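Note sheet for the following structure.
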Amino acid sequence: MRTLTAALAVAAVATLTTAAAWAPDPEPPSSVSVKVKPGSSRGTGKLIPVAGAERLVAPLGVDPACPAKIDIGMRSDAEKAGFATMNVEIDAPLTASRTMLTSYLPPGHEVRAKLLVAVPPGTEQGEYGLRLRTPAQTLSVPVEVVTVDELENGGNLALRRPVTASSQHAGANYPPCSVVDGDRSSNGWAGGNGWNDATGRAWPDTVAITLGGAKQISRVDLYTLDTERYPAGTYGLRDWDVQAQVGGQWQTVAQVRGNTAGEARSEFAPVTADAVRVVALASNGANDYTRIIEVEVR
């Protein structure tokens, strides 16, 4: 009996140790979350569709795990609370992650949700239509389909470029391509905005970005997980090397050690490279995984 008790105790300790090594509990995925916020009713009785942008740019040829995103929603100007519904339509062959948004809305309140727009291979470049329809009115949002080379990247050479990673955590939605989707915020953690490797406490981890040809670079900005719930000083990346692929060989061009911030900039002498790689060496705290939100190359 004492042997059995001891074995059970050892098993319990092993279970607790495994749980401690697990990634932090995921926050609600941004792709499915619906948020209602208060406002004031104008008493018109209308249900008004709203969008987070006047137009959406959707690049061709990107990883399907990282589609284009836009916030959509509706605002109730009714005098009484009730259920509200908005239909979502998009021109083929583009597809949207939802065809409808439904929510209970008090007067003046607004509901918002993330809409994902996928561009199938072979889609022709040009302008397509996204329509948000309520019984009161229709809001049209143009969707511009372009190649990655035609994107307005603001000088960020990594934007929407192909990404490969040493591993990917299977516990939630942590696609490597999300580190080049242009979203620096950690708010969508575990919902497609940020990469988490699959080898806790095992180093190094790597994420590599091809730049679409030889480009002169001198700076890499890295954004690691950093929210009120998951601060960078506890869950973010601490130590890493920045490498550039020059003439087919990886060269270390910068090193970061002891980082506790959500953002870290690495500047170095200009080099001409066709790819950039982050070699992660350690994270902060006990739950040691590599967690990267965004990488920008300039």
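The values are calculated or read from the model by the stated rules, or taken from the named source; none is laboratory data. Since the model is a prediction, treat every value here as computed from it, not as a measurement. Quick reminder, even Gly has a Cβ in these numbers, built from the backbone with ideal geometry, and neighbours come from all protein chains shown.
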Requested in this report: Quickly run through segment 96-134 and pick out the residues that are part of a loop (DSSP other than H, G, I, E, B), under 22 Å from Cys66 (Cα atoms) and either outside the structural domain of Leu60 (by TED's automatic domain parsing) or not hydrophobic (A, V, I, L, M, F, W, C) (or both).
Outcome: Ser97, Arg98, Thr99, Pro120, Pro121, Gly122, Thr123, Glu124, Gln125
Report task. Would you please name the residue that is nearest to the chain's Cα centre (by Cα), looking only at residues in segment 203-236 that are outside any loop (DSSP other than H, G, I, E, B) and of a type in the set (Lys, Arg)? Result -> Arg219
Query raised in the report: Inside segment 135-182, can you point out the residues that are of a type in the set (A, V, I, L, M), assigned to a loop (DSSP other than H, G, I, E, B) and farther than 27 Å from Ser266 by Cβ?
Result: Ala136, Ala170, Ala172
Query raised in the report: Just one of Thr234, Thr260, Thr252, Thr224 is in contact (Cβ under 8 Å) with a residue 60 or more places away in the chain and of a type outside the set (A, V, I, L, M); which is it?
Result: Thr224
Report task. Tell me which of these Glu296 doesn't satisfy, since it passes every other one: (1) under 19 Å from the mean Cα position of the chain (by Cα); (2) assigned to a loop (DSSP other than H, G, I, E, B). Result -> (2)
Report summary line: By residue number, the members of segment 254-292 that are closer than 11 Å to Asp241 by Cα, out of contact with any helix residue (DSSP H, G or I) (no Cβ under 9 Å at 6 or more places or on another chain) and among the aliphatic types (A, V, I, L, M) are Ala254, Val256, Val276, Val279, Ala280, Leu281, Ala282
Report task. Inspect all residues belonging to segment 174-192 and state whether any of them is out of contact with any strand residue (DSSP E or B) (no Cβ under 6 Å at 6 or more places or on another chain), in contact (Cβ under 8 Å) with a residue 24 or more places away in the chain and more than 24 Å from Cys66 (Cα to Cα). Result -> no
Requested in this report: State whether one or more residues within segment 73-95 are assigned to a loop (DSSP other than H, G, I, E, B) and among the β-branched types (Val, Ile, Thr).
Outcome: no
**Report entry** Failed item, numbered, when Pro24 is tested on (1) over 20 Å from the mean Cα position of the chain (by Cα); (2) modelled with pLDDT of 50 or more; (3) not assigned by TED's automatic domain parsing to the domain that holds Glu127
**Finding:** (1)
Query raised in the report: Just one of Ala269, Ala280 is part of a strand (DSSP E or B) and buried (at least 17 other Cβ atoms within 10 Å of the Cβ); which is it?
Result: Ala280
Query raised in the report: Residues in segment 104-129 that are surrounded by 14 or more Cβ atoms within 10 Å (Cβ to Cβ) and more than 25 Å from the chain's Cα centre (by Cα): how many?
Result: 5
Query raised in the report: Mind checking which pairs have a first residue in segment 82-95 that is on the phi < 0 side of the Ramachandran plot and buried (at least 18 other Cβ atoms within 10 Å of the Cβ) and a second that is among the aromatic types (Phe, Trp, Tyr) and modelled with pLDDT under 95, Cβ under 9 Å, 6 or more apart or different chains?
Result: Ala84/Tyr104
